[in-house]
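Working notes for the structure below.
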Amino acid sequence: MAESAPLLRVYRFTPIEGSNPSLSASSGLVGLMLMVLCFCSGCDKTQTHESIHWQLPLQSSDDSHSQNHESVLPEWASSESGSIVLTFLHRNTGKVTEIPLNKGDDVSFGEWHVRLLGLAKGLRIQSGQMIDDETVGNPAAFVELKLNGHIMYKGWLYLGFPELFGLDNPHWKVWLKDVTFREISKEGKGSLSSAG
């Protein structure tokens, strides 16, 4: 059986007798313009931009780690004894200054005033509360940093996560370099244990 060739049909426009071909072309163009005009009229350029509800700020306002000048020191953190070393980097000059602090110390250098208010051997959050859990291996220090008499940061700095939380300042970077805990025995003698 022979294969049949595909059937190609050609349609040709045949003007109606007595019609004007130039009039038909111009009416087609007018029809096309009306269609474009109707389509564009549906676009309202005056509509207002609405914010998208799924867009959230990068840091939640109730973040326990956020920079907050009203951070509250937990009672257990103020009873922990020890010392830290804070590192200050001036971003513009590259100058690095290390400040050793004992718990309860107030230290001033340059325009900075620094206080070490509390310590944690293993800081974590449980049910929205900060707790001290040695098993998590997350030593931290609760500090107050003032620059020219203004509180720039008051809260936790973490030994294991120096980049994540802390002071947000275009000219200064501050991080926790070392934490040493002083264990108080029943006889009242202290022994040191370093976390850094």
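Read-outs throughout are calculated quantities, based only on the coordinates presented, and are distinct from any laboratory measurement. Just so it is clear, the structure is predicted and the values come from calculations on it, not from any experiment. When we count neighbours, we look across all protein chains shown, and the Cβ atoms used for this are built from the backbone with ideal geometry, even at glycine.
The table below lists the values:
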{"quantity": "Met35 paired with Leu89, simple spin-label distance in nm, labels 7 Å along Cα-to-beta-carbon", "calculated": "6.4"}
{"quantity": "Virtual paramagnetic centre 7 Å along Cα→Cβ of Val96, amide N under 12 Å, in the stretch 151-182", "calculated": "175, 177"}
{"quantity": "Taking Glu75, Glu134 and counting other C-beta atoms within 10 Å, the order from fewest to most", "calculated": "Glu75, Glu134"}
{"quantity": "When each of Lys103/Lys177; Lys103/Lys173; Lys103/Lys146 is checked by Cα-Cα distance, pairs over 20 Å", "calculated": "Lys103/Lys173"}
{"quantity": "Which of Met130, Met152, Met35 has the fewest Cβ neighbours within 10 Å, and the rest in rising order", "calculated": "Met35, Met152, Met130"}
{"quantity": "Charge sum, other residues only, whose C-beta stays under 15 Å from Asn169's C-beta, Lys/Arg counted +1 and Asp/Glu -1", "calculated": "+1"}
